[in-house]
Amino acid sequence: MRAVDLIQKKKRGEVLTKDEIDFLVQGYVNDEIPDYQMSAFLMAVYFQGMNKRETADLTLAFVNSGDQNDLSAIQGIKVDKHSSGGVGDKLSLVIIPLVASLGIPVAKMSGRGLGHTGGTIDKLESIEGFQTVLDPETFIQNVNTYKMAIVGQSSNLTPADKKIYALRDVTATVDSIPLIASSIMSKKIASGADCIVLDVKVGSGAFMKSVDQAIELAETMVEIGKSLNRKTIAVVTDMSQPLGHEVGNANEVKETIEILRGKGAEDETTVVLTLASYMAVLGGAFNNFDSAYLKLSQILKAGSAVEKFKELIRIQGGNPEVVDAPHKLPQSKYHIEVKASESGYVSAIDAESIGITAMLLGAGREKKEDQIDFSAGVTMVKKVGDDVNTGDVLCVLHTNRKTWEEASEVCRKAYSFTNAKPKPITYIYKVIR
Ligand code: URA
């Protein structure tokens, strides 16, 4: 077999066999196939697509390229959750303690932020002392004892996806449905959970810009999950504006505490309750979505899951005092107000631009090796549907950098206004199971 023939085959829109896909993935991981051939192959997939069988085979080739977690020592049905990536997406931080408070084991593996999207692991590391590296025994013991644990992705889990994802990032081949589906699902399968709830984001801050594309991605991932015997549900949710009011790291932890106290913004509280309810049903704690949603709403309203978040911080070595004293989280030196230069209703906020603003303030990485500033970020004072007068504060930028003009300009341009009140945003577009 030769890589060039397989690139040619895909370029013509033909279907590859499982052996051919394995050959390409293994060859690339073993450095027998160079970056330029893999790049050409990825671009051929970008334009010609892959059918469901090819996508499932690509997923398995990624899974088989590295280790797989054995979670069989954890009692009960293990439920995992994954987001396709967004801006202000602190939902995992809320969902882990919330679902664990029902007695359902949550064994979570999460990533770091790259580009305009944030990562759960970075957000948690903004809490002094929080350890995101746990040995497998401690991880399993914590899930059995406390029903929750979270770690960063281990280095030898799906190494093929890691290498190919880095290549996609620099060859404009990220936003391809078969490539995203196989990338996400391979990590979920290798991480060992029994059931998976997927949060597929759609809108200006997501990889999928249209609802139809997001539904196709969601359906593809659900089929892959089912074909590999994982109960999988995907929820297509809004990312046309940042979620909630905080975008960054430490400030997102602060907002997590607010949500867990029942004081979260409507958009993120609705999505949290929807995803957590499906996790609760798959985890066997409820036999229908409505009763799970009602119970979880009551838990949020009572604010009791905040104690579970404190417990998560304590068992992973962090300082739980931040929950009652959020000012102990990292704070930046400068706070800059971005003001409206016109009056009207906020009709749109480009989520990607707000993510870029946060990155320019120091909250994100442009390159993998960049250090992030946990205290940097954006507080969204005005959101879509709010009315503003000229001079009103739209956002507050938090940074330790003296040069924030570019960030302020990107942020201001992210806002659009109209005279008429815009239609309310849909938070949940579709559920696929
Ligand atoms: N997240 C992933 O893990 N992979 C992708 O391809 C896109 C988002």
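Values quoted throughout were computed directly from the atomic coordinates according to the rules given, and no laboratory measurement underlies them. What you see is a predicted model; the values in this text were computed from it and never measured. Here the Cβ positions follow ideal geometry from the backbone for every residue, glycine too, while neighbour counts run over all protein chains shown.
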Stretchable slack from residue 226 to residue 403, in nm (0.36 nm times residue separation minus alpha-carbon distance) | 58.8 nm
Gap in Å between the Cα centre of region 336-380 and the Cα centre of region 402-433?
-> 11 Å
Along region 228-240, what does the Karplus equation 6.51 cos²θ - 1.76 cosθ + 1.60 (θ = phi - 60°) give for ³J(HN,Hα), rounded to whole Hz, x for Gly and Pro?
-> 10, 6, 10, 5, 10, 10, 10, 10, 8, 10, 6, 9, 7
The simple spin-label model distance between residue 52 and residue 141, using points 7 Å out along Cα→Cβ, in nm, is 4.4 nm
Go ahead and estimate [θ] at 222 nm for the chain from helices alone: -39,500 (n - 2.57) per DSSP H run with n ≥ 4, summed, over the residue count, rounded to 500.
-> -13500 deg cm²/dmol
Take the Cβ-Cβ distance between residue 12 and residue 154 as r, set R0 to 35 Å, and report the resulting FRET efficiency rounded to the nearest 0.05.
-> 0.35
Hey, can you rank 41-47, 193-199 by average C-beta count inside 10 Å, highest first?
-> 193-199, 41-47
Among rounded, prolate and oblate, which fits region 39-165 when a ≥ b ≥ c are the square roots of the eigenvalues of its C-alpha gyration tensor, a/c under 1.5 means rounded, and a/b larger than b/c means prolate?
-> prolate
What is the spin-label model distance, in nm, from residue 133 to residue 412 if the labels are put 7 Å beyond Cα along the C-beta direction?
-> 4.4 nm
Everything considered on the Cα gyration tensor (a ≥ b ≥ c; rounded for a/c under 1.5, else prolate if a/b is larger than b/c, else oblate), region 79-323 must be described as rounded
With charges only on Cβ, +1 for K and R and -1 for D and E, what is the dipole size of region 3-63 about its Cα centre, in debye, rounded to 20?
-> 360 debye
Given the C-alpha centroids of region 183-198 and region 124-167, what is the distance between them in whole angstrom?
-> 14 Å
So which of 310/421; 254/339; 11/430; 78/162 end up more than 29 Å apart, counting from Cα to Cα?
-> 310/421; 11/430
Within region 30-58: backbone nitrogen closer than 13 Å to the residue 166 label point (7 Å, Cα to C-beta) = 30-31, 35
Is region 40-107 best put as rounded, prolate or oblate by its Cα gyration tensor, with a ≥ b ≥ c the root eigenvalues, rounded for a/c under 1.5, and otherwise prolate when a/b is larger than b/c, oblate when not?
-> oblate
Which order, highest average first, do 415-427, 91-103, 283-295, 261-273 follow once you tally other Cβ atoms within 10 Å for each residue and take the mean per peptide?
-> 91-103, 261-273, 283-295, 415-427
For region 331-418, what relative contact order do you get, as a whole percent, if you take Cα pairs closer than 8 Å and at least 6 residues apart?
-> 49 percent
Per residue of region 41-48, in order, report the coupling 6.51 cos²θ - 1.76 cosθ + 1.60 (Karplus, θ = phi - 60°) as ³J(HN,Hα) in whole Hz, putting x for Gly and Pro.
-> 5, 4, 5, 5, 5, 4, 7, 9
Rounded to the nearest Å, the spacing of the alpha-carbon centers of region 73-87 and region 260-282 is 14 Å
Counting alpha carbon pairs within less than 8 Å and at least 6 residues apart, what relative contact order, in whole percent, applies to the chain?
-> 19 percent
Separation in nanometres of the label points that stand 7 Å from Cα toward Cβ, at residue 270 and residue 430 = 1.8 nm
